[in-house]
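The values are calculated or read from the model by the stated rules, or taken from the named source; none is laboratory data. A quick note: this is a predicted structure, and the numbers were derived from the prediction, not measured. Here the Cβ positions follow ideal geometry from the backbone for every residue, glycine too, while neighbour counts run over all protein chains shown.
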């Protein structure tokens with residue numbers, strides 16, 4: 001049984017915003033005296049102590065292929081990294097490429113991030129301490145020394161050899177997006193959870209996601225400051241990882257056979273998403289359906305607007321958790337509806353006419369609020385984000401880009417997509433298409 005001091009987990013205070021309040025700053029992210037963040041939208045830097053000596057662990061180079069696939073021995077085991085943490089972290093949250101232009105956000109991780117600001121961090125809890133993953137150097141940087149006995153008992157309680165704690169630092173995103181940052185941070189945290197889960201499965205590990213406050217409190221005890229007003233890093237989720245007995249994964253898992261290559265190729269397209277008007281293969285829909293059906297946090301429905309997909313009528317399709325297939329909601333030209341939904345300040349936010357398909361992820365907001373109260377915001381975005389990452393990977397399997405774009409009208413989406421549940425809310429919009437040559441140049445990051 002995991003035990004912890006209740007004050008160690010601040011998620012119920014931080015993510016108290018309602019799901020579809022797209023422009024409101026949660027009261028819990030205001031200063032203690034009631035004043036909002038400063039005019040730049042940035043919160044104060046972390047007050048963590050800097051007087052302890054820095055301890056870094058250089059990780060071995062990540063494998064070029066993940067063990068799962070046609071050749072199960074393509075990645076040789078490394079005695080210095082028995083859990084394959086180097087490969088797991090690299091293909092989930094590592095730097096995979098950069099744009100060598102001075103006027104662009106140059107660094108790209110394996111997970112999509114609004115303007116590459118990356119508020120999400122990954123902490124690694126090992127028997128000898130807690131370490132932050134430094135993606136820029138592919139190192140583990142010690143966050144704090146912890147009592148080995150306590151850590152061993154905690155890992156044993158959750159059946160893990162190591163634990164990954166996904167945290168968020170909203171001030172990074174707030175510098176550009178102001179009071180819209182919490183929404184973006186929660187989305188990215190969910191996508192990061194999804195990336196870690198999928199990569200762990202492909203690495204031959206057993207993995208379990210922990211969202212409940214008590215477990216998160218225990219995982220963060222001794223290194224994450226519980227005082228929301230003094231610290232700006234918040235725990236979002238934990239993942240327990242352990243070696244999987246045997247050489248096979250569950251037949252219910254969706255794991256692309258060349259996931260390492262696909263992650264390296266995954267991208268969101270150029271700054272202006274304008275895909276070529278060519279159809280996507282029918283196999284894309286099969287991969288999307290299976291990927292969403294096996295998403296690790298299943299409380300999320302998907303609506304697919306098909307515009308240009310081979311052998312598939314244009315229209316709106318729907319899949320629900322565990323369904324494993326697409327159900328036709330309405331056969332029609334989807335572009336007019338997409339352009340009504342996808343409005344930002346009165347203008348259409350991207351080129352829906354050329355996009356092959358657009359995915360909308362919806363969550364049961366009313367039910368979540370009833371069940372989790374203030375914690376509903378965090379939980380529904382974790383579920384939707386984990387599903388969204390799978391959408392981006394499924395698109396990359398077919399050489400397509402998937403762009404997350406929050407420029408949409410939630411009420412218009414509810415009406416146009418035919419959401420039957422009044423308590424259901426769209427929280428993700430992902431446009432999929434084939435992007436040709438553009439002005440950007442991306443170079444790989446190799447460790």
## Note on the structure
For the stretch 390-409, pairs from a residue that is at positive phi to a residue that is surrounded by fewer than 23 Cβ atoms within 10 Å (Cβ to Cβ), with Cβ under 9 Å and 6 or more apart or across chains, are 399/265; 399/434
### strands (runs of 3 or more DSSP E) enclosed by the stretch 277-393 - at least 3 residues per element that are more than 24 Å from residue 262 (Cβ to Cβ)
315-319, 327-331, 357-364
### Task
Please work out which one of (1) part of a strand (DSSP E or B); (2) in contact (Cβ under 8 Å) with a residue 24 or more places away in the chain is the condition residue 267 fails and give its number.
(1)
### Task
Pick out the one residue from 72, 62, 82, 53 that is at pLDDT 90 or above and either within 30 Å of residue 175 (Cα to Cα) or assigned to a loop (DSSP other than H, G, I, E, B) (or both).
62
### Query
Among 302, 283, which is closer than 23 Å to residue 199 by Cβ, in the same structural domain as residue 400 (by TED's automatic domain parsing) and buried (at least 21 other Cβ atoms within 10 Å of the Cβ)?
302
### Summary
Counted residues in the stretch 394-447 being in a strand (DSSP E or B) and touching a helix residue (DSSP H, G or I) at 6+ places or on another chain (Cβ under 6 Å) come to 7
### Task
With the condition kept exactly as written, say whether any residue in the stretch 149-164 is in contact with a strand residue (DSSP E or B) (Cβ under 9 Å, 6 or more places away or on another chain), modelled with pLDDT under 95 and closer than 23 Å to residue 430 by Cα.
no
#### Entry: Selection status of residue 292, over 15 Å from residue 391 (Cβ atoms), in the same structural domain as residue 398 (by TED's automatic domain parsing) and in contact with a strand residue (DSSP E or B) (Cβ under 9 Å, 6 or more places away or on another chain)
no
## Note on the structure
Checked the stretch 310-324 for anything within 26 Å of the chain's Cα centre (by Cα) and surrounded by 13 or more Cβ atoms within 10 Å (Cβ to Cβ); matches are 316, 317, 318, 319, 320, 321, 323, 324
### Task
Please enumerate the residues belonging to the stretch 114-136 that are assigned to a loop (DSSP other than H, G, I, E, B) and either surrounded by fewer than 19 Cβ atoms within 10 Å (Cβ to Cβ) or modelled with pLDDT of 95 or more (or both).
127, 128, 136
### Task
Go through (1) surrounded by fewer than 16 Cβ atoms within 10 Å (Cβ to Cβ); (2) more than 18 Å from residue 115 (Cα to Cα) one by one and return the number of the condition residue 394 breaks.
(1)
### Query
Given the structure, is residue 359 buried (at least 24 other Cβ atoms within 10 Å of the Cβ) and modelled with pLDDT of 95 or more?
yes
### Query
Hey, among 202, 189, 218, 195, which residue is out of contact with any strand residue (DSSP E or B) (no Cβ under 7 Å at 6 or more places or on another chain) and within 25 Å of residue 172 (Cβ to Cβ)?
195
### Message
Quick test of your reading of the structure: residue 188 fulfils all but one of (1) modelled with pLDDT of 95 or more; (2) buried (at least 24 other Cβ atoms within 10 Å of the Cβ); (3) more than 14 Å from the chain's Cα centre (by Cα). Name the failing condition by number.
### Response
(3)
### Query
For the stretch 361-393, what are the residues that are under 24 Å from residue 436 (Cα atoms) and in contact with a strand residue (DSSP E or B) (Cβ under 8 Å, 6 or more places away or on another chain)?
388, 391, 392
